[in-house]
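Report on the structure given below.
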Amino acid sequence: MRALAAGAALLALSAPALADTLVDNVDGVTLDATGGIDHFTGLLVGDDGRIVQVLRRGDPRPGKVDYLVDGKGRVLMPGLIDSHAHVMGVGFGALTLDLSETKSLAEAQARIAAYARQHPDRPWILGRGWNQELWGLGRFPTAAELDAVVADKPVWLTRVDGHAGWANSRALAAAGVTALSKDPAGGKIERIAPGGKPAGVLVDAATALVERKVPAPRPEDRDLALAKAQDLLLARGVTAVADMGTTIEDWQAYRRAGDTGTLRIRIMAYAGGTEAMELIGGPGPTPWLYDDRLRLNGVKLYADGALGSRGASLKAPYADAPLTRGLRITADTALKNMMSRAALDRFQVAVHAIGDEANAAVLNAVEDLAQTYKGDRRWRIEHAQVIDPVDIPRLGKLGVIASMQPVHQTSDRTMAEARLGPARLAGAYAWKSVQASGAKLVFGSDAPVELPDPFAGLAAAVTRQGPDGQPFGGWQPQERVTREEALAAYTVNGAYAGFAEGRFGRLVRGERADFLLVDRDPLLTAPSELRETKVLQAWVNGRLAWEAK
């Protein structure tokens, strides 16, 4: 009986019916079970999109397959997982005004004016990406500076980090924001002294005062934004993404794409707050849908704001603004109550925390809640950007997943030095120390805050240098990680962080065939060239999802 069973298993493995696609003649790399590199030369993919066999040099190939793909000796690697992005934000960011490349206020004003002329039919001018630090202003921009270029309709432009918005006078008037308006809890209206007239920038929770007046996108607008986002993500090699802050409208767009067969990437969704969590998931996380392309895992909550807008909550005052320690968007008791509400129905909890005080507060909450909510919870901290070194060991002790973004370090370096001062830099963007604590380290982009470019992230992770090669030797170089560790943070760890291990993230038998063909080996190419890696093809579930033109 044993011999018969073994023969049947071998026959099943080699049966042509399961060998839908053979991708052969490749220089394949993936991570093995120990975190080392496994090399192979071919993949046999079943008609269900799962890998039937990983083939190595000298292994016999099946005699008959439905489709044969010649890799022409190119490098094949796992599809990459962006563990923190905003999918619809990526799409809408590409369809509205983008100020992320502007280097001065004057350049931004010129671009805003040109955009308004090109779109005279739009009732509001919407966009994102401005950064007063890159402009060298030393302050926030003002409503008057927007009025100078667009005064006849409302303008609302989100800061690069998503934690502040810039409004002209028309937008402030539409929102009813005046000198008498009070700062909402967890937010701040920048004002002109004396008198308290709104200056034009609203921070964190205060942005909702204007955003609630912005015309909502139509379903067809969302469908277009999703299609655009998928193209942009796949072109960068991202085949799966943790969508942080999913709304019910976003979820419906994802479901429409799944129903019509146009959902090409995998989305692990985290609802934007407990109300959206209940609307989408009901009594608990959803099942995996559309061949593991979509699932609501849990909820995304906020502890504090962002460092760039001085909304990150710090234990001590900002070095460059000694009268503030930042903003707590959600106070301790409310945060713990929301985390408990989610955990009660086994939703995974992901909390945005950037400042050292906010990170400590989240760790305190996890420590308390873990006494009640047992089992495999996989608590997540999103960003974990500045952590007091005394708190870093707690990440591993509590089994917290640290979801970090390597390119934030290279983008924020000089700003972080100014905001924090030298004494707090030891716990800033501390990837190696976080990993050494025993915490699971996962990487993402926070797109559209940064480009959804995992190869730029890999380069930053292993060098601690920006695209210009600065600083020499790397910034806080003791926090570099190895290439294997960085690749794990973009693949197997990302899958684990989203309860997707065994489904995708590695190129092994039984997992989904999500892979890339690229123009160089990211494990061997020079660090200075790593971020130049080009994706030639992206495959999801054993099917070609995107190809370079």
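The values are calculated or read from the model by the stated rules, or taken from the named source; none is laboratory data. Note that the coordinates shown come from a computational prediction; the quantities given were computed from them, not determined experimentally. Here the Cβ positions follow ideal geometry from the backbone for every residue, glycine too, while neighbour counts run over all protein chains shown.
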Flagged pairs (Cβ under 9 angstrom, 6 or more apart or on separate chains; first in the range 115-128, in contact (Cβ under 8 Å) with a residue 40 or more places away in the chain; second surrounded by fewer than 18 Cβ atoms within 10 Å (Cβ to Cβ) and in a strand (DSSP E or B)) are Arg128/Asp98
Using beta carbons and a limit of 8 Å, which pairs, at least six apart or on different chains, have the first residue in the range 354-381 and in contact (Cβ under 8 Å) with a residue 60 or more places away in the chain and the second one outside any helix (DSSP H, G or I) and aromatic (Phe, Trp, Tyr)? Arg378/Phe499
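Given the criteria among the small types (Gly, Ala, Ser), buried (at least 20 other Cβ atoms within 10 Å of the Cβ), at pLDDT 95 or above and touching a Phe, Trp or Tyr at 6+ places or on another chain (Cβ under 6 Å), does Gly28 qualify?
In short, yes.
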Those residues of the range 110-143 which are assigned to a helix (DSSP H, G or I) and under 24 Å from Gly308 (Cβ atoms) amount to Ala110, Arg111, Ile112, Tyr115, Gln132, Glu133, Leu134, Trp135, Ala143
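Yes/no per residue for (1) β-branched (Val, Ile, Thr); (2) surrounded by fewer than 24 Cβ atoms within 10 Å (Cβ to Cβ); (3) under 22 Å from Arg394 (Cα atoms); (4) touching a residue at least 24 places away in the same chain (Cβ under 8 Å):
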{"position": "Ala430", "(1), (2), (3), (4)": "no, no, yes, yes"}
{"position": "Pro454", "(1), (2), (3), (4)": "no, no, no, yes"}
{"position": "Leu458", "(1), (2), (3), (4)": "no, no, no, yes"}
{"position": "Gly474", "(1), (2), (3), (4)": "no, yes, no, no"}
{"position": "Glu485", "(1), (2), (3), (4)": "no, yes, yes, yes"}
{"position": "Asn493", "(1), (2), (3), (4)": "no, no, yes, yes"}
{"position": "Ala500", "(1), (2), (3), (4)": "no, yes, no, yes"}
Among the residues of the range 505-521 satisfying the criterion of being of a type outside the set (Asp, Glu) and within 19 Å of Thr34 (Cβ to Cβ), which is surrounded by the fewest Cβ atoms within 10 Å (Cβ to Cβ)? Gly510
Residue that is farthest from Asp345 (Cα to Cα) [pool: residues in the range 278-334 that are of a type in the set (Phe, Trp, Tyr) and in contact with a Ser or Thr (Cβ under 9 Å, 6 or more places away or on another chain)]: Tyr318
Output the residues belonging to the range 502-513 that are assigned to a loop (DSSP other than H, G, I, E, B) and touching a residue at least 60 places away in the same chain (Cβ under 8 Å). Arg503, Phe504, Gly505, Arg506, Leu507, Val508, Arg509, Gly510, Glu511, Ala513
Of the residues Ala143, Ala114, only one is within 26 Å of Ala229 (Cβ to Cβ), over 26 Å from the mean Cα position of the chain (by Cα) and among the small types (Gly, Ala, Ser); which? Ala114
Can you tell me which residues in the range 184-196 are over 17 Å from Ala306 (Cα atoms) and either touching a Pro at 6+ places or on another chain (Cβ under 8 Å) or crowded, with 17+ Cβ neighbours inside 10 Å (or both)? Arg191, Ile192
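Report those strands (runs of 3 or more DSSP E) wholly inside the range 54-99 carrying at least 1 residues which are surrounded by fewer than 18 Cβ atoms within 10 Å (Cβ to Cβ).
Answer list for the range 54-99: 67-70.
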Given the condition in contact with a strand residue (DSSP E or B) (Cβ under 9 Å, 6 or more places away or on another chain), in contact (Cβ under 8 Å) with a residue 24 or more places away in the chain and part of a helix (DSSP H, G or I), answer yes or no: does some residue in the range 281-300 qualify? yes
Could you check Ala175 against (1) surrounded by fewer than 20 Cβ atoms within 10 Å (Cβ to Cβ); (2) over 23 Å from Ser104 (Cα atoms); (3) at pLDDT 95 or above; (4) small (Gly, Ala, Ser) and say which number it fails? (1)
Within the range 517-549, count every residue that is in contact (Cβ under 8 Å) with a residue 40 or more places away in the chain and among the charged types (D, E, K, R). 6
For a quick check of your reading of the model, give me the residue pairs whose first member lies in the range 157-185 and is more than 12 Å from Lys197 (Cα to Cα), whose second is of a type in the set (Lys, Arg) and surrounded by fewer than 24 Cβ atoms within 10 Å (Cβ to Cβ), with beta-carbon atoms closer than 7 Å and at least 6 apart or on different chains. Leu157/Arg128; Thr158/Arg128; Arg170/Lys153; Ala174/Lys213; Ala175/Lys213
Just checking, does the range 22-43 include any residue being part of a loop (DSSP other than H, G, I, E, B), touching a Lys or Arg at 6+ places or on another chain (Cβ under 9 Å) and of a type in the set (A, V, I, L, M)? yes
Filtered residues of the range 326-341 (kept if out of contact with any Leu (no Cβ under 8 Å at 6 or more places or on another chain) and either of a type in the set (A, V, I, L, M) or surrounded by 22 or more Cβ atoms within 10 Å (Cβ to Cβ) (or both)): Leu327, Arg328, Ile329, Ala331, Ala334
